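Below: the structure, in structure tokens.
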Amino acid sequence: MQEATNALRHAVDLAPTDERNYLDLAALCIDHNAPEIGLEVLDTGLRNVPNSARLLTIRGAILANMGKTEAAQKDFEEASRAQPDSFYGTIGLSVLLAENERLAEAEILLRKRLRNAPHDAVLNYLFADVLLRQGALPGTPAFREARRALDLSVREQPGFAKSHVALGRLYLKAGEADSAVRELQIAVRQDPRSPTALSQLMLALRKLGRTGEAGAVAAQLNELLTSQRKEEVERNRIHVSKSDGVGGH
């Protein structure tokens, strides 16, 4: 990581007003479980690139993950004001609201944004997710609305794995296991490291009595989870080593 960090810091020194360098460096910090350093990077970026919607949104996401909800909401709202035509702040704020069970507020926010951008794949995915998390059941208007939103999302952005996963889960809920398998297989091809896609595909295959295929997916899921646990242990080890090094100076 140190070599990459040095290269990115050099890029920042050469082009201090290029927000991409701060985004790349912050992403590297997040990947290596160093959110505090990521925040320092983004604070510096926002001093050099004031009112950057992208930098504000990433900082808000880090703050949200650290449990600093009010500060995160402030950054998301500021990002929306800084760049009203973009969806950076809206997406961040809607996710934050949903994660804090403020689903009705998230729905209102997303409905408002969708009036201006009815074909946006990400907004439609988030909107459907909020409706389903509020308990939309098969046969209800909310469920049909969620289905339309996800159909539109995968049509507008076929490579968006999360929408395929959500649509697969929706089909499972509706008792349409064949359609669920189709969508979830697409999702797994697009994102083979998605535990949700794999677990839902396993369930759908079992519902269809395709136990052999379900077993193969279960093995793939187990292998993925084992790998992710090892990666998490390694990230924590690196983070602890860095902390010890800082404390030793």
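Which length gain, in nm to one decimal place, applies between Asp43 and Asp178 when the Cα-Cα distance is subtracted from 0.36 nm times their residue separation?
Details: separation 135, 0.36 × 135 = 48.60 nm, distance 4.87 nm.
Stretched fully, the Asp43-Asp178 segment lengthens by 43.7 nm.
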Portion, in percent, of the accessible area of segment 75-205 that falls on carbon or sulfur, probe 1.4 Å: 51
May I ask you to rank Ile186, Ile30 by accessible area, largest first, using a 1.4 Å probe over the protein chains only? Ile30, Ile186
Cα axis of helix 177-190 to longest principal axis of the chain: angle in degrees, 0 to 90, nearest 10? 30
For Thr44, what accessible surface area do you get with a 1.4 Å probe? Give it in Å², rounded to 10. 50
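Let a ≥ b ≥ c be the square roots of the eigenvalues of the Cα gyration tensor of segment 58-155; is it rounded (a/c under 1.5), or, if not, prolate (a/b larger than b/c) or oblate?
Details: a/c = 2.47, a/b = 1.52, b/c = 1.62.
Oblate shape, in that a/c is at least 1.5 and b/c is the bigger or equal ratio.
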With every protein chain left in place and a probe of 1.4 Å, what is the accessible surface of Lys162, to the nearest 10 Å²? 120
What does the C-alpha gyration tensor say about the overall shape of the chain? Classify as rounded when a/c is under 1.5, otherwise prolate if a/b is larger than b/c, or oblate. oblate
Cα-based Rg then Dmax for segment 70-125, in Å, read 10.6, 30
Tell me, what ³J(HN,Hα) does each residue in segment 223-231 have, in order and in whole Hz, if you take phi through Karplus 6.51 cos²θ - 1.76 cosθ + 1.60 with θ = phi - 60° and put x for Gly and Pro? 4, 5, 5, 4, 5, 5, 5, 5, 5
Under the 7 Å Cα-to-Cβ spin-label approximation, Arg189 and Leu208 lie apart by a distance in nanometres of 1.4
For segment 24-35, 3J(HN,Hα) per residue [Karplus equation, 6.51 cos²θ - 1.76 cosθ + 1.60, θ = phi - 60°, Hz, x = Gly/Pro]: 5, 5, 5, 4, 5, 5, 5, 4, 9, 6, 10, x
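Pull out the extension gain between Thr69 and Ala216, defined as 0.36 nm times the separation in residues minus the alpha carbon to alpha carbon distance; nm, one decimal.
Working: separation 147, 0.36 × 147 = 52.92 nm, distance 4.03 nm.
Gain in length upon complete extension: 48.9 nm.
If we count every other residue with Cβ under 13 angstrom of Leu137's Cβ, Lys/Arg +1 and Asp/Glu -1, where does the sum land?
Details: positive: Arg133, Arg144, Arg147, Lys173; negative: Glu145.
Every neighbour counted, the sum reads +3.
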Reduced Cα scattering model of segment 19-113, Debye log10 I(q)/I(0), q = 0.18, 0.20 Å⁻¹: -0.75, -0.91
FRET E, pair Glu223, Glu77, Förster distance 45 Å, beta-carbon r, rounded to 0.05: 0.60
Provide the solvent-accessible area of His32, counting protein heavy atoms only and rolling a 1.4 Å probe, rounded to the nearest 10 Å². 50
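The values are calculated or read from the model by the stated rules, or taken from the named source; none is laboratory data. Only a predicted model underlies this, so the values are computations on that prediction, with no experimental measurement involved. Here the Cβ is made from the backbone with ideal geometry for all residues, glycine too, and neighbour counts use every protein chain on show. What goes into the accessible areas is simple: the full protein's heavy atoms, side chains included, and nothing from ligands, DNA or RNA. Shrake-Rupley method; radii C 1.70, N 1.55, O 1.52, S 1.80 Å.
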